[in-house]
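Notes for the one structure printed next.
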Amino acid sequence: MAKCQTEARTVGYAVPCPTRLPSDLYGSFLKPAGKWRRWVAWSGTSSRDHLAITAAPRPLTDASKLVNGPAWTPGERVQRIALVTLGRRRGEEIFVPPKTNDGSMFMHHIVIVWTKGSHTYGVGFHNFGNRKRIEALDAVVMRSIKLVGPD
């Protein structure tokens with residue numbers, strides 16, 4: 001939580017902080033610069049999984065812009081899977097195909113995207129072919145996300 005609060009102070013808004021992760025998953029905040037200023041990027045890995053978390057400094061209506069960030073270019077698209085409600089959060093579940101998202105840290109991920117206030121957030125695990133397992137992991141982490149502010 002302390003690292004999340006430090007990151008929130010850096011960007012000036014609430015960041016998504018997972019409070020429940022698979023036991024062998026470890027990760028850290030990346031330090032975006034340049035066009036990525038005020039974006040949040042967190043990446044974590046385990047022997048089996050890769051989790052990526054991001055936050056945009058403004059609300060976005062196109063999930064492909066969230067998973068590609070300021071590097072987004074026309075033609076980058078995601079595949080919508082479903083609308084989901086997890087706890088009190090309502091979001092969109094998407095798949096990030098590598099063919100149209102080359103270079104995104106979310107390539108091959110199933111991601112849950114939601115907007116709260118003035119920011120859009122995304123959380124998702126890499127899909128290694130077992131979609132049900134990945135959707136279950138996403139749901140567990142999403143339910144555990146706390147938005148931690150800069151105060």
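The values are calculated or read from the model by the stated rules, or taken from the named source; none is laboratory data. Computed from a prediction, not measured in an experiment: that's the story for all the values here. Here Cβ is always computed from backbone atoms with ideal geometry, including for glycine, and neighbour counts include all displayed protein chains.
Structure values in brief
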{"quantity": "Count of residues meeting criterion [in contact with a His (Cβ under 8 Å, 6 or more places away or on another chain), under 23 Å from Phe29 (Cβ atoms) and in contact (Cβ under 8 Å) with a residue 24 or more places away in the chain] in the range 81-116", "calculated": "2"}
{"quantity": "Output for the range 3-19, where each listed residue is out of contact with any strand residue (DSSP E or B) (no Cβ under 8 Å at 6 or more places or on another chain) and either modelled with pLDDT under 90 or part of a loop (DSSP other than H, G, I, E, B) (or both)", "calculated": "Gly12"}
{"quantity": "Any pair with Cβ under 8 angstrom, 6 or more apart, that starts in the range 120-139 at a residue that is in contact (Cβ under 8 Å) with a residue 40 or more places away in the chain and closer than 20 Å to Cys17 by Cβ and ends at one that is of a type in the set (S, T, N, Q) and not in a helix (DSSP H, G or I)", "calculated": "Tyr121/Thr54; Tyr121/Thr115; Gly122/Thr54"}
{"quantity": "Test: residue in the range 108-121 that is in contact with a strand residue (DSSP E or B) (Cβ under 7 Å, 6 or more places away or on another chain), modelled with pLDDT under 95, on the phi < 0 side of the Ramachandran plot and among the β-branched types (Val, Ile, Thr)", "calculated": "no"}
{"quantity": "Those strands (runs of 3 or more DSSP E) lying entirely in the range 45-115 with at least 3 residues under 21 Å from Ala14 (Cα atoms) and in contact with a helix residue (DSSP H, G or I) (Cβ under 9 Å, 6 or more places away or on another chain)", "calculated": "50-55, 89-95"}
{"quantity": "Residue in the range 20-27 that is assigned to a strand (DSSP E or B), hydroxyl-bearing (Ser, Thr, Tyr) and either modelled with pLDDT under 95 or more than 11 Å from the chain's Cα centre (by Cα) (or both) present", "calculated": "yes"}
